[in-house]
Amino acid sequence: MRRLPVYFLIDVSESMVGEPIQQVEEGLGQIIQALKTDPYAIETAWISIIVFAGQAKTLVPLQEIINFYPPRFPIGGGTSLSRGLGHLMYELRKNQVKTTYDMKGDWKPIIFLFTDGVPTDDTTAAITEWKQNWQRTANMVAVSFGNEADTNVLKELTENVVHFKNSSPAAYKQFFKWITDSIKTSSESVEKNASGFELSKIHDTDTLSKIDLSKPLPPASYTDSNFVVMVGKCQHMQRDYLMKYRRAEQDAEIYGLNLNRLYYRLVGAFQVDKTYHELSDSNAKPTSINSEELIGNPTCPCCGNQWGFALCSCGQIHCIGEEKLSTCPTCGNTAAYGASEGGFDVNRAQG
Ligand SMILES: [Zn+2]
Ligand SMILES: [Zn+2]
């Protein structure tokens, strides 16, 4: 049986932390479950999951659906699309079964690329390699999550660029159903009439819409991300967590704040595991943001301390509670914290 390789290339950068990554994790689980009951897909589709942030990594190597168990997704710092693409092309090369004299090779692989942000690196070389070696021999669907993904880069890769408004759990459900249906129709069409790749029809265009690539896109003002994410360390557990803030223009009015500035409002704080550093680009320089632009201070997601956001003089953010003296888990410095007047500059993660 000829294989139909299906690759998921998934952005796990910091802005995906929280609901988006949980939904992707559940969604992939639903896709696999649905495909396990589809006679065509179970015969021909092979699936692999690759994740990328500042670094890229194969989360699940290419394998048959029947043996496939959905993984837990990690989070990393940065959005290196070029490392993601590079790793994808490495896997494509490695796994490819070519047609020989006595054996039919793989069907054209299908790649679903999910990304929610602007690449934090130069993608030119990776995109050139993709165009030269893979654009014609693989089918890519690039899905931009939320509203800030840089579709200018995505349209260099493929003519199938889809915008997904990840506004609610119901929207995610619909989205993953669309992916499932697309894999089903593709695996049926390769077996029946060898026509191959067929995306399922998009019904609800509010949730999912194909981007018209013939229209020029507005010039990218995307450099100002819609999210600010910062890394903290728990004073008690020594674990890392991320604090995520979403851009909040309207909120400024409600809070009576200066409208000429950008504000970010707390989404939540989330624990991350050791893979966070493995998937982050250690050479990346963090950019700075003023704490006055951030609304909300989360409790520590590791130990439950009342404030997740205290800044040590060494630059490390850590949690503090009711204690008189707090100890920085990074430099060991002990200090008393009070509410600070005015803002201070903190380093934001790359996104
Ligand atoms: Zn803590
Ligand atoms: Zn410190």
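Condition (residue is at pLDDT 90 or above and in a helix (DSSP H, G or I)) applied to region 133-141: is it met by at least one residue?
Yes: one or more hits.
Kindly evaluate ILE31 against the criterion of being buried (at least 22 other Cβ atoms within 10 Å of the Cβ) and touching a helix residue (DSSP H, G or I) at 6+ places or on another chain (Cβ under 9 Å).
So ILE31 fits the description; yes.
Mind checking which residues of region 61-74 are out of contact with any helix residue (DSSP H, G or I) (no Cβ under 6 Å at 6 or more places or on another chain) and assigned to a loop (DSSP other than H, G, I, E, B)?
If the condition is that a residue be out of contact with any helix residue (DSSP H, G or I) (no Cβ under 6 Å at 6 or more places or on another chain) and assigned to a loop (DSSP other than H, G, I, E, B), then TYR69, PRO71, ARG72 are the ones that fit.
Could you please find all residues in region 294-315 being more than 16 Å from ligand 2 (Cβ to nearest atom) and not in a loop (DSSP other than H, G, I, E, B)?
LEU294, ILE295
For SER326, state whether it is of a type in the set (Ser, Thr, Tyr) and more than 13 Å from ligand 1 (Cβ to nearest atom).
Details: of a type in the set (Ser, Thr, Tyr): yes; more than 13 Å from ligand 1 (Cβ to nearest atom): no.
No, not satisfied.
Tell me which of these LYS210 doesn't satisfy, since it passes every other one: (1) at pLDDT 85 or above; (2) over 26 Å from ILE75 (Cα atoms).
(1)
Could you tell me how many of the residues in region 41-60 are more than 18 Å from the chain's Cα centre (by Cα) and either part of a strand (DSSP E or B) or modelled with pLDDT of 95 or more (or both)?
3
Looking at GLY117, GLY105, GLY78, can you tell me which residue is closer than 20 Å to ARG3 by Cα, in a loop (DSSP other than H, G, I, E, B) and of a type outside the set (A, V, I, L, M)?
Residue meeting the stated conditions: GLY105.
So for region 272-291 (the condition being in the same structural domain as ARG247 (by TED's automatic domain parsing) and farther than 23 Å from THR120 by Cα), does at least one residue qualify? So that I can check it myself, show each step before the final result.
To start, the set of residues in region 272-291 that are in the same structural domain as ARG247 (by TED's automatic domain parsing) comprises 272-291.
Going one step further and asking which of them are farther than 23 Å from THR120 by Cα, we end up with none.
No, region 272-291 contains no residue that is in the same structural domain as ARG247 (by TED's automatic domain parsing) and farther than 23 Å from THR120 by Cα.
Given the criteria β-branched (Val, Ile, Thr) and modelled with pLDDT under 85, does THR158 qualify? So that I can check it myself, show each step before the final result.
Working: β-branched (Val, Ile, Thr): yes; modelled with pLDDT under 85: no.
Against the criterion (β-branched (Val, Ile, Thr) and modelled with pLDDT under 85), THR158 does not qualify.
The values are calculated or read from the model by the stated rules, or taken from the named source; none is laboratory data. Bear in mind that the values here come from a model prediction, so they are computed numbers and not experimental data. Please note: Cβ atoms are built from the backbone with ideal geometry, for glycine as well, and neighbour counts cover all protein chains shown.
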